[in-house]
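So the structure is just underneath, and the comments pick up after that.
What follows is calculated from the coordinates using simple rules that are stated; it is not laboratory data. The structure displayed is predicted, hence computed values, not measured ones. Here the Cβ is made from the backbone with ideal geometry for all residues, glycine too, and neighbour counts use every protein chain on show.
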Amino acid sequence: MKLICIGRNYTEHIKELENERPVDPVVFLKPDTSILLKKQPFFIPDFSDDVHHEVEILVKINKVGKHIAKKFAHKYYDQIGLGIDFTARDLQAQLKAKGLPWEKAKAFDGAAVIGEWLPKSDFENVNNINFSLFKNETKVQDGNTSLMLWKIDEIIEYVSKYFTLKIGDIIFTGTPSGVGKVLANDKLKGYIEDKQLFSITVK
Ligand code: ZN
C-alpha cells in the first residue's frame, strides 16, 4: 500500500510557510514504513531540530482505479480518518532550496500517524468536516474540508491520472494553518468534530 500526500491545499497554510499558491496540487508519497505503529510514541529523529505536526483528513481507498473521473470518485472510498504528516521542516527547507525531493523530510520512519477510521456514511457532506489538533490540551490547528483548494473527489481524480489507486491506499489531503514544532513529552490529540481519533506522545 502507499500513502499519497497533498501539499499546499489550504490557503492559510500556504501563507504561513510563504509558499506560492500552486497551479496543480503538490503531490508526494510516503512508504508504508513511515506509518507510526499503533500505541507507539513518535520519536523525534536525530537529523532534525524542527519537526512539525501537520494534522490532515485521510481517505482510505476501497477499490482499484486509474483515471477516475471526479463524478465517480466518491465510489472509491468509504472511510474517512485523521492523521499527522510529520515534517522535518529544517531538512525540508534545505531540500526545497536546492530543488530536491522532500522524502527525507517527510517519509522517514514514524512520520505518518493514522488514527481511527469513521464510515463516510457518518458524514452528511465530506466537504464540510471540522477537524482539529490539540497539543498538551491547547488547540493548535483546526480546519474544515470546505477550505481545501482541491476537494477530496478532485484529489482522487488528479492523483489517479498518475498512480493506480489500490485497495488500502491512503490519501493525506493537506494541512490547514497552525503547523508547529513538537518537543519531547508533547501529547498530540486529533479530533474530527468532537470524536478523538488519535492520541500520541512525542519522545
Ligand atoms: Zn502535509
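Karplus-derived 3J(HN,Hα) values for region 19-28, using 6.51 cos²θ - 1.76 cosθ + 1.60 with θ = phi - 60°, are 8, 7, 6, x, 7, 10, x, 8, 10, 8 Hz; glycine and proline are entered as x. Counting beta carbons within 10 Å around each of Trp150, Trp117 and listing the fewest first gives the order Trp117, Trp150.
At an R0 of 22 angstrom, the distance between the Cβ atoms of Lys96 and Lys139 translates into a FRET efficiency of 0.20. Sorted fewest first by neighbouring Cβ atoms within 10 angstrom, Met1, Met148 come out as Met1, Met148. A rounded overall shape is assigned to region 1-150, the ratio a/c of its alpha-carbon gyration tensor axes (a ≥ b ≥ c) being less than 1.5. Only the Cβ atoms of Lys and Arg (+1) and of Asp and Glu (-1) were treated as charged; on that basis the dipole of region 45-147 about its Cα centre amounts to roughly 720 debye. For the chain, a crude dipole built from +1 on the beta carbon of Lys and Arg and -1 on the beta carbon of Asp and Glu, taken about the Cα centre, is about 540 debye to the nearest 20.
Between Leu58 and Gly81, Leu82, Gly83, the built amide H atoms are under 5 Å apart, and every one of these is 5 or more places off in sequence or on another chain.
Farthest towards the positive end of the charge dipole of region 3-201, among the residues Asn125, Ile68, Phe172, is the Cα of Ile68, using unit charges on the Cβ of Lys, Arg, Asp and Glu.
Taking the Cα centre of the chain as the origin and placing charges on Cβ (Lys, Arg +1; Asp, Glu -1), which of Pro25, Val159, Ala88 is farthest toward the positive end of the dipole? In the chain, that residue is Val159.
With r as the distance between the Cβ atoms of Phe163 and Lys187 and R0 = 45 Å, compute the FRET efficiency 1/(1 + (r/R0)^6) and round to 0.05. Approximately 0.85, to the nearest 0.05.
Of the trypsin sites (Lys or Arg not before Pro) found in region 124-190, the ones in coil according to DSSP and having at most 15 other Cβ atoms within 10 Å of their Cβ are Lys161, Lys166. Karplus-based coupling profile of region 140-155, in residue order and whole Hz: 10, 9, 8, x, 9, 5, 5, 8, 5, 5, 10, 6, 3, 5, 6, 5, with θ = phi - 60° in 6.51 cos²θ - 1.76 cosθ + 1.60 and x standing for Gly or Pro. Across the cross-link table entries Lys104/Lys166; Lys120/Lys189; Lys75/Lys161; Lys60/Lys166; Lys71/Lys151; Lys75/Lys166, which are compared at the Cα atoms, the separations over 19 Å belong to Lys104/Lys166; Lys120/Lys189.
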